[in-house]
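The values are calculated or read from the model by the stated rules, or taken from the named source; none is laboratory data. Bear in mind that the values here come from a model prediction, so they are computed numbers and not experimental data. FYI the Cβ positions are ideal-geometry reconstructions off the backbone, even for glycines, and counts take in every protein chain you see. Please note that ligands, DNA and RNA were not included when accessible areas were found on the heavy atoms of the full protein model with its side chains. Shrake-Rupley method; radii C 1.70, N 1.55, O 1.52, S 1.80 Å.
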Amino acid sequence: MTFDPTEHWKGYLAPPSIDDYSARYASFFRMRRENGIIEVRLHTDDGPYVHTHAAHNAWPRVWQEIGNDPENQVLIITGTGDKWMTGNPRGLNPQPAADLDPDHIQQRMYDGWKLIESFVNSIDIPTIAAVNGPGVHTEFAVMSDVTFAAPDADFMDPHFWLGSPPGDGQAMALQSLIGAKRVAYHVYAAKSIPADKALEWGLINDILPREQLLDRAWELARFILKRPRYTRWATHNILSRHWKKTVAEDFGFHMSHQMLANVASKSVVPDPDLIADSEARKMF
C-alpha cells in the first residue's frame, strides 16, 4: 500500500499480516502472495485436502483474515494434487445430530452459515477459483468471480443422497447459476455435473489441463491487477452483487431447514445404508 495508516493515525491497530494468518491456518491452507495476488491452496499434509469439522470451522475465519488484509488485491483459490477435496463421510458424524449437545449443534450450524456469509461479505477483491479435480464443497469455487476447472472436475450436492437436505450453500449456488429445474434433478438423483457440462451450462468459465490451471489463474490475476484499485473493488462488487442478494434472501432458509431435518430425523448423516445405495444412482 502507498498509504500507511500507522504514519497518520495515532493508535492505529493493523490487521494480522499474512505471515500471522498463513501460519495459523497452515494445517488446512498453504498461502503465498506475490505483488498483491494471494493464492490459497487447500491441503492436508501437503496432499489432497481431506474434509474435517476442524477445517470447516477454520474456513470462515480464513475468508475474514484475507478480506481484512489490505495487501491482498486478488484471490486465487485452488486445491492440491488431482482432487479438489476428499473425505470419509462415514467418519464425520458417528452419531445422530439429535444426540449432540445443543451447543455442539449450534457451533456446527454457525460454521456452515459463516463459511458462506464470510466468503461473500468479507472478501471485496476479485476472486478466481482453479478447481483441480473432483470433490464436493465446490460452492465457494463456483461463487468466485471466475472459475477454471480441470477436465475431470465435477460438481454435485450429495446431501440428499446421504440423508440430509441440501442446505449448506452448494445447491443454492447451483440454483443461482444453472437453474432450479436442473438442480432439482441432480439433487434428487445424486447426479454429478462433469466439467464439460458445467462449462456448457455456465457453472464454470473454462476447462484447462490440470498442469495449466494455476498458470492461467495467475495470468488473469496479473491482468486484473493492472487496473486501478477502485476499479477492481467496484467491479468485484458489481459482479458479486447477486451472491450478496442470494445469501441475504435465501441462505438462512436453506441452512435452517438442513439443520432442523438433521436433528428431527434422529438418523446418522450420512446414513450408511444410503451411502451403499450407489448402484441406484446409475439408473439416472
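At a glance:
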{"read-out": "Lone qualifier among ALA190, ALA150, ALA141 - being among the aliphatic types (A, V, I, L, M), touching a residue at least 24 places away in the same chain (Cβ under 8 Å) and over 30 Å from ASN262 (Cβ atoms)", "value": "ALA150"}
{"read-out": "All positions within region 13-59 that are part of a strand (DSSP E or B), closer than 25 Å to VAL136 by Cβ, hydrophobic (A, V, I, L, M, F, W, C) and at pLDDT 95 or above", "value": "PHE29, MET31, ILE38, VAL40, LEU42"}
{"read-out": "Scope region 121-171; condition closer than 22 Å to VAL247 by Cβ and among the polar types (S, T, N, Q); matching residues", "value": "ASN121, SER122, THR127, THR138, SER144, THR147, SER164, GLN170"}
{"read-out": "Failed criterion for ILE238 (all others in (1) modelled with pLDDT of 95 or more; (2) touching a helix residue (DSSP H, G or I) at 6+ places or on another chain (Cβ under 9 Å); (3) open to solvent by 40 Å² or more (accessible area, probe 1.4 Å); (4) not acidic (Asp, Glu) hold)", "value": "(2)"}
{"read-out": "Qualifying residue in region 68-76 (condition: in a helix (DSSP H, G or I), surrounded by fewer than 19 Cβ atoms within 10 Å (Cβ to Cβ), on the phi < 0 side of the Ramachandran plot and at pLDDT 95 or above)", "value": "yes"}
{"read-out": "Filtered residues of region 220-259 (kept if more than 18 Å from the chain's Cα centre (by Cα) and of a type in the set (Asp, Glu))", "value": "GLU249"}
{"read-out": "Test for GLU249: is it under 23 Å from ALA149 (Cβ atoms) and among the charged types (D, E, K, R)", "value": "no"}
{"read-out": "Enumerated helices (runs of 4 or more DSSP H) restricted to region 80-197, each holding at least 3 residues that are crowded, with 16+ Cβ neighbours inside 10 Å", "value": "102-122, 139-142, 170-178, 180-188"}
{"read-out": "Residue list for region 198-222, restricted to those being of a type in the set (Val, Ile, Thr) and either open to solvent by 40 Å² or more (accessible area, probe 1.4 Å) or in a helix (DSSP H, G or I) (or both)", "value": "ILE207"}
{"read-out": "Residue satisfying condition, being out of contact with any helix residue (DSSP H, G or I) (no Cβ under 9 Å at 6 or more places or on another chain), acidic (Asp, Glu) and in contact (Cβ under 8 Å) with a residue 24 or more places away in the chain, within set ASP46, ASP82", "value": "ASP46"}
{"read-out": "Qualifying residue in region 257-269 (condition: loosely packed, with under 12 Cβ neighbours inside 10 Å, within 27 Å of GLY112 (Cβ to Cβ) and modelled with pLDDT under 95)", "value": "yes"}
{"read-out": "Close pairs (8 angstrom Cβ cut-off, 6 or more residues apart or separate chains): under 13 Å from PRO70 (Cβ atoms) and open to solvent by less than 90 Å² (accessible area, probe 1.4 Å) in region 8-22, assigned to a loop (DSSP other than H, G, I, E, B) and of a type in the set (Ser, Thr, Tyr) anywhere", "value": "none"}
